[in-house]
1. Condition test on Asp231, is it open to solvent by less than 20 Å² (accessible area, probe 1.4 Å), modelled with pLDDT of 90 or more and acidic (Asp, Glu)?
2. Could you tell me whether Asp78 is open to solvent by 70 Å² or more (accessible area, probe 1.4 Å) and closer than 21 Å to Arg157 by Cβ?
3. Just the residues that are assigned to a helix (DSSP H, G or I), over 27 Å from Gly222 (Cα atoms) and in contact with an Asp or Glu (Cβ under 9 Å, 6 or more places away or on another chain), please, taken from the stretch 90-129.
4. Please state which of the following conditions Leu160 fails to meet, knowing it meets all the rest: (1) modelled with pLDDT under 95; (2) under 20 Å from Ala269 (Cα atoms).
5. I'm trying to understand the selection: among the residues of the stretch 285-294, which are loosely packed, with under 15 Cβ neighbours inside 10 Å and either without any contact (Cβ under 8 Å) to a residue 40 or more places away in the chain or part of a helix (DSSP H, G or I) (or both)?
6. Return a yes/no flag: does the stretch 68-86 have any residue that is of a type in the set (A, V, I, L, M) and at pLDDT below 95.
7. Has the stretch 120-128 got any residue that is over 19 Å from the mean Cα position of the chain (by Cα) and not hydroxyl-bearing (Ser, Thr, Tyr)?
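The values are calculated or read from the model by the stated rules, or taken from the named source; none is laboratory data. It should be emphasised that the depicted structure is a prediction, and the values quoted were computed from it without experimental measurement. Neighbour counts run over all protein chains shown; Cβ positions are idealised from the backbone, glycine included. Accessible surface is based on the protein model in full, side chains and every heavy atom, while ligands, DNA and RNA are left aside. Shrake-Rupley method; radii C 1.70, N 1.55, O 1.52, S 1.80 Å.
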Amino acid sequence: MPDVNDGNDDQREHVPSRQRRRFEGISSRAYEHPADRSALVALRKLSGFDTVFKALSGLLPERSLRLLFLSDSVRVSDDQFAHLNDMLRDACYILDLEKVPPMYVTQDPQPNAMCIGLDEPIIVVTTGLVELLDEEEMQAVVGHEVGHALSGHSVYRTILLFLTSLALRVAWIPLGNFAIMAIVTALREWFRKSELSADRAGLLVGQDLKASMRGLMKIAGGNHLHEMNVDAFLKQAEEYEAGGDLRDSVLKILNVMPRTHPFTTVRAAELKKWAATRDYQRIMDGHYPRRSEDKDTSVTDSFRQSASHYADNVRSSKDPLMKLVTDIAGGAGDLGGKLRGKFGGGSGGANTGNHGTPEDGA
């Protein structure tokens, strides 16, 4: 497999030797989660976002950010973290990203990775992550970050980091903080969806679903694979989605709002579901959208596909709140009875006519 930049095969000797497919000219549309696209559309429609985006694009200290990593982290190269450098070049080759972004390893025991930058993306991984994952798992993570770069996610991630920091500084200004937090909240909602897209890119690069699952389990539970089981881990996602009543549905929303990433079990379940689809198989067979076609893509069609995806998710969801939404949309009777039952776990039904006793804590 030739190198992206200079064709030097010697630089690739540490890359997993098994043969993997390359996706020449692939568009990020091939792996982008529909919710990623629709959330980004909604973000761009947020009042004042365009003004803030244009202002920050010129004000963000990106040069300072690059100098910070250059001076206080280790830049991945042929001489430093060479195995990561091989993985980075490999990921760029497979996703056909022409310019290999700089990559840094920074001292932090917390396992994490990010892709930031406005003009050019920078990939940063922590020592905690490098020490936690094996070669195949790390390949999926590097592919994940290259997927962010190919999708252009780094721009919005950088703005999110800056605005989150700014919100803390101006918290004493009620209206100013409110305006910033509205954009931060919208950015976080989009970024959680973009992580699902990048997980798919990581699978396209690693081409090993088991390794992707192992990596997510390790991020959730540490380096104790002998104590963990993929099937049991995925059952947690099912229990999380279906369990409880409407109160739990509200708590799920409140729990996830401050986060930039979806919950790990949810990511694992979403990735496994996508790996079983015909869309994934078509990509692996070489049938996928090309970057050369991006300019002809209809924004309306993309939004329609996203809306269809959301509607399908609501219909198939086991979450009590989503079930209630489906019932309301379907014209189900006795809404009051359903609310009492779902909030309190009672048996108030639409057809019994029995309103029952008041539920405590409703």
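1. Judged against the criteria, Asp231 is not a match.
2. In short, no.
3. Residues satisfying the conditions are Cys92, Tyr93.
4. So the condition that Leu160 fails would be (2).
5. Those that are loosely packed, with under 15 Cβ neighbours inside 10 Å and either without any contact (Cβ under 8 Å) to a residue 40 or more places away in the chain or part of a helix (DSSP H, G or I) (or both): Asp285, His287, Ser292, Glu293, Asp294.
6. Checked the stretch 68-86: at least one residue is of a type in the set (A, V, I, L, M) and at pLDDT below 95.
7. Among the residues of the stretch 120-128, at least one is over 19 Å from the mean Cα position of the chain (by Cα) and not hydroxyl-bearing (Ser, Thr, Tyr), which makes the answer yes.
Every residue, every condition in (1) modelled with pLDDT of 55 or more; (2) over 18 Å from Lys193 (Cα atoms); (3) part of a helix (DSSP H, G or I); (4) open to solvent by 30 Å² or more (accessible area, probe 1.4 Å), yes or no:
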{"site": "Gln236", "(1), (2), (3), (4)": "yes, yes, yes, yes"}
{"site": "Ile253", "(1), (2), (3), (4)": "yes, no, yes, yes"}
{"site": "His261", "(1), (2), (3), (4)": "yes, no, no, yes"}
{"site": "Ala268", "(1), (2), (3), (4)": "yes, no, yes, no"}
{"site": "Ile283", "(1), (2), (3), (4)": "yes, yes, yes, no"}
